[in-house]
Amino acid sequence: MNFTNLVLAFSILTPLTAVAVVSAIAIILGFFIVLVFKFFAVEVDSRVEELNELLPGANCGGCGYSGCQAYAQALVSGDCKDYSLCTAGGQETASAVASFFGQAPGVFVPKLAVVHCQGSYDKIRVRYEYTGSVNCATASQLFGGPGTCSYGCMGYGDCQRVCEYNAIVLENGLAHIKPENCIACGACVKACPRHLISIEPKYTDLYTVRCKNPLPGKAVRESCEIGCIGCTLCVKSCPENAIHMEDKLAVIDQDKCIQCGSCAKVCPQKCIVEGIDMPAKLYYEVKTK
């Protein structure tokens with residue numbers, strides 16, 4: 001074999017050798033992957049998938065878990081024993097889940113988001129013209145926002161943008177919840193940088209304190225016409241001890257509240273509101289006439 005033939009043979013052998021080496025490595029890795037799956041596989045309870053089929057598949061997080069399958073896993077494992085956490089499925093889903101475990105269906109209490117603020121543009125003063133990014137998270141970082149109340153809704157729609165159910169509207173610098181659309185998924189609660197939104201029972205005659213300003217009464221009056229001044233008249237008037245003070249702010253315990261309305265009658269600031277979201281309701285009635 002002359003030198004030319006030797007070079008030609010080597011040039012052919014080199015690619016073939018590379019292919020052989022790569023193929024051998026792939027076979028060895030594949031073998032180890034099979035072993036890992038065989039000996040370290042986690043056995044999945046078939047009931048999780050069966051239960052997941054009963055859930056609506058919204059994966060909204062309203063139940064407090066990352067999604068429907070995570071909720072199903074928690075129920076099957078016993079970490080969660082509440083069959084009525086699915087806000088998207090309501091009573092029908094709660095009954096189906098309870099039946100799956102051979103239990104009597106519990107009573108599902110519908111819930112919705114509530115914005116604890118009434119500080120619309122006509123209730124507060126504007127301290128400066130904000131020209132930055134149109135979102136609440138950014139605006140709140142600049143001197144506490146353009147409004148005189150550094151604890152109120154700024155109306156730039158961070159909550160509205162994360163809502164997948166068209167349940168939030170903005171009017172006059174204030175976010176409102178559309179009760180008929182809200183499924184209490186909690187996305188807006190997480191999005192609000194001022195923690196103004198909470199999930200409450202969907203009672204027609206729900207009473208809520210629509211203010212989150214914890215400052216003393218004088219400071220509240222200077223920033224908003226309709227904020228809670230911490231006078232405690234509502235606390236004293238409640239026959240069920242359903243209202244307590246957190247700092248200077250009145251808070252209603254919905255588990256104790258009997259919706260008697262005594263608190264709203266004595267509130268001098270009219271910041272305790274009856275109804276799910278009366279301002280939004282009236283707004284839509286006007287719009288649809």
Would region 54-98 count as rounded, prolate or oblate if I go by the C-alpha gyration tensor, calling it rounded below 1.5 in a/c and otherwise prolate when a/b exceeds b/c, oblate otherwise? oblate
Of all the accessible heavy-atom surface of region 85-219, with the other protein chains kept in place and a 1.4 Å probe, what percent is carbon and sulfur? 54
Counting only heavy atoms of protein chains, what accessible area per residue, in Å², does region 116-227 have with a probe of 1.4 Å? 48
Just read off the accessible area of PHE100 with the full protein assembly in place, 1.4 Å probe, to the nearest 10 Å². 60
Show me the ranking of peptides 124-132, 149-157 by mean Cβ neighbours inside 10 Å, starting with the highest. 149-157, 124-132
Counting only the heavy atoms of the protein chains, how much of VAL273 is accessible to a 1.4 Å probe, in Å² to the nearest 10? 20
Below 14 angstrom from the Cβ of ASP253, what's the summed charge of the other residues (Lys, Arg +1; Asp, Glu -1)? -3
Which value, to two decimals, describes the C-alpha radius of gyration of region 82-193 once divided by 2.2 N^0.38 Å? 1.37
So what's region 169-289 giving for Cα Rg divided by 2.2 N^0.38 Å, two decimals? 1.08
Long-range amide H partners of ILE276, meaning residues 5 or more apart or on another chain whose placed amide H is closer than 5 Å, are LEU206
Using θ = phi - 60° and Karplus 6.51 cos²θ - 1.76 cosθ + 1.60, couplings along region 47-59 (whole Hz; Gly, Pro as x): 5, 4, 5, 5, 5, 4, 5, 7, 7, x, x, 6, 6
Find out how many positive minus negative residues lie around TYR71, taking Lys and Arg as positive, Asp and Glu as negative, among other residues whose Cβ is under 11 Å from that of TYR71. -2
Determine ³J(HN,Hα), in whole Hz, for all residues of region 25-30 in sequence, where each value follows from phi through the Karplus function 6.51 cos²θ - 1.76 cosθ + 1.60 and θ = phi - 60°; x replaces Gly and Pro. 4, 4, 5, 5, 5, x
Segments 193-206, 106-119 sorted - mean Cβ within 10 Å per residue, highest first: 106-119, 193-206
For region 227-241, what does the Karplus curve 6.51 cos²θ - 1.76 cosθ + 1.60, with θ = phi - 60°, yield as ³J(HN,Hα) per residue in whole Hz, taken in order and with x for Gly and Pro? x, 6, 9, x, 6, 6, 4, 5, 4, 5, 7, 6, x, 10, 6
If amide H atoms are modeled at 1.01 Å from N in the peptide plane, then the residues at a separation of 5 or more from GLU171, or on another chain, having amide H under 5 Å from its own are HIS176
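The values are calculated or read from the model by the stated rules, or taken from the named source; none is laboratory data. The shown structure was predicted, so the numbers you read here are calculated from the model rather than taken from an experiment. Reconstructed Cβ throughout: ideal geometry from the backbone, glycine too, with neighbour counts over all protein chains shown. Please note that ligands, DNA and RNA were not included when accessible areas were found on the heavy atoms of the full protein model with its side chains. Shrake-Rupley method; radii C 1.70, N 1.55, O 1.52, S 1.80 Å.
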